[in-house]
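The values are calculated or read from the model by the stated rules, or taken from the named source; none is laboratory data. What you see is a predicted model; the values in this text were computed from it and never measured. Here the Cβ is made from the backbone with ideal geometry for all residues, glycine too, and neighbour counts use every protein chain on show. We work out accessible area using only protein heavy atoms, side chains counted, and drop any ligands, DNA or RNA first. Shrake-Rupley method; radii C 1.70, N 1.55, O 1.52, S 1.80 Å.
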Amino acid sequence: MDHLGTSVLFAGNNFSRLLGGLWTTIWIALLALLIGLILGTFLGMMRTFKNRPVRLILRLYLEFFRIVPTVVLLFLAYYILPRQLNINLPAEQVAVLTFALWVAAEFSDIVRGALISVPKHQRESGLAIGLTHWQLFRYVLLPQALTLELPATINLATRVVKTTSLLMLISVMDVINIGQQIIEANGQSHPNGIFWVYGLIFFFYFIVDYPLSLLAKKLNAANQH
Amino acid sequence: MKKFNLKKIITTGIVLGISTLFLTACGSSSKSGSAASNSNNSSSVAAIKKRGTIKVAVFGDLKPYGWVNKDGKRVGYDITLARRIAKDLGVKIKFVQVNADSRVDALSSNKVDLVLANFTVTSERKQVVDFAKAYMKVSVGVVSPKNALITNAEQLKNKTVIVSKGTTAETYFTENQKSVSLLKFDSKTQQFNALKNKRGVALADDNTYLYAWAKAHPTYQVGIKQLGDSSSIAPAVKKGNKSLLNWTNKEISKLDKQGFFEKAYNNDLKPYFSSDVKASDVIIEK
């Protein structure tokens, strides 16, 4: 059995280490999504305002996070900003912050898109019965926008989970980083261990992301009715 | 239509303006950063002792220097030295796993106090970090099958030698031995497979890497242990961190006298190297 690559996965506590790495991946992604979605909702609402400077600034914010690759964002936040501003956050917090800002940027565009595609008469009827601006968002626009934005949001969530694999660049011990440690520790004795380790990591990402994509499909189908 | 274009132009202008500002800010920061380290050194020996922890950048995937064993414990030659340094400072140790590219940035952005990640001393790196006394050496070695062993650089004339792109071995042969024809590969796995398939008479790479490979493949031997000059591997601190640099230098001299490095070699490296390798091939002698 020892010559088989699978033994690499279960030697010592390799398997629980990989699970630990997966947990790091999941909590960073979840926390970033949570903060990002809340922030993104507000930013998205603000982007439907008539105020030009606000729209311009938010637009720039969106374009910045959309255009700059996530690797560069992480590098900026982890290595360059501390030098500049003298703030030194642990890698996990930097990761959550960067991802949350990224999610907020992307989500603000999804929210904006959904809000402006709510039929115009809904907005006008709301205003006609004397709702304030906030009430209009809270009771009329956001609930209707929600169903429109769900598929894109879930798509975004799966992207966030996958993109956490970049976190190894800023010393976060995520599942990929631990996988690589295991591969290198056994590289000489089990050359095909790499196949099994990455195979397992593939499976991990799959069981996290697949339910999300099923959910997206279901919600999409429900929307058609 | 005209109005739309104007808006676009303004947007582009602002984006460019902001990015220029940002870039200049980053450019100037590196200068102010190194100057600040003298007056406000968060990685000085006193600061580390006060904090109670030393942050050390190490590799997590370079066996047998810095790696993680199956119990999830960090082990290796670099790690043993790191733990000893923390012990002698009387502080706890915090490992920060880095990859080769981020070793300099980890220091300059104060993520770590010390780098012990098989950091080879080069003149380019000396300009951005300060190296302490070396604790290991490395040079280009040549591995070949035992039944057609290459022991002398002369034997390689007009023969094919396998190398990986971007390694010191590649540079050495292109600069010093032009009569050797090189067969270049992108990855370690590819280059070793090429050697097994006899696509060249020998393979050149860092000797410390080849010793470990030869151990796992007993029909091969590192026939030439050193080609050209050897380079040193040393601890690195942030540029200008005199306090920790001086302390580390003293520590290395002290450990050297105590025979620490030989012991560490026997524990951490010897089991992974082929039997013909001696401690003096790897560690620095007094």
Normalised convex hull volume, chain B, alpha-carbon set, Å³ per residue: 200
0 to 90° range, to nearest 10: angle between helix B:77-89 axis and chain B longest Cα axis: 50
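For the range B:139-231, what is the relative contact order in percent, using Cα pairs closer than 8 Å and at least 6 residues apart in sequence?
So the answer I get is 50 percent.
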Nearest-20 debye value, chain B charge dipole, Cβ charges on Lys, Arg, Asp, Glu: 940
Relative contact order %, chain B, counting alpha carbon pairs below 8 Å whose residues are six or more apart: 23
Cα centroid separation, the range A:138-190 to the range B:39-84 (Å): 28
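Which of B:Lys126/B:Lys242; B:Lys63/B:Lys87; B:Lys146/B:Lys188; B:Lys49/B:Lys242; B:Lys225/B:Lys270; B:Lys70/B:Lys188 have a Cα-Cα distance over 18 Å?
B:Lys63/B:Lys87; B:Lys146/B:Lys188; B:Lys70/B:Lys188
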Charge-dipole axis of the range A:1-139 as Lys and Arg at +1 and Asp and Glu at -1 on Cβ define it, positive-most pick from A:Ala91, A:Phe42, A:Trp27: A:Phe42
13 Å reach of a label modelled at A:Phe10, 7 Å along Cα-to-Cβ, counting backbone N of the range A:181-214: none
Where labels lie 7 Å past Cα in the beta-carbon direction, separation of B:Ser253 and B:Ser42 in nm: 3.1
Total accessible surface hidden between A and B, rounded to 100 Å², 1.4 Å probe: 2700
Chain-alone versus full-assembly comparison, the range A:148-190, residues with accessible loss of at least 40 Å² (1.4 Å probe): A:Ser171, A:Gln181, A:Glu184, A:Ala185, A:Gln188
Relative contact order for chain A, counting Cα pairs under 8 Å that sit 6 or more residues apart, in percent: 32
C-alpha long axis of helix B:242-257 to longest principal axis of chain B, angle in °: 20
Within straight-line cross-link reach of B:Lys257, aspartates and glutamates at Cα separation under 16 Å, skipping those fewer than 8 residues along the same chain: B:Asp88, B:Glu285
With Cα atoms, 0 to 90° folded angle of helix A:142-163 axis to chain A main axis: 20
Area projected by the alpha carbon convex hull of chain A, averaged over all directions, nm²: 15.9
Rounded percent of accessible protein surface that carbon and sulfur make up, the range A:6-224, 1.4 Å probe: 69
Cα centroid separation - the range B:189-214 against the range B:103-129, whole Å: 29
Per-residue [θ]222 nm for the protein assembly as shown (sum of -39500 (n - 2.57) over DSSP H runs n ≥ 4, rounded to 500): -18000 deg cm²/dmol
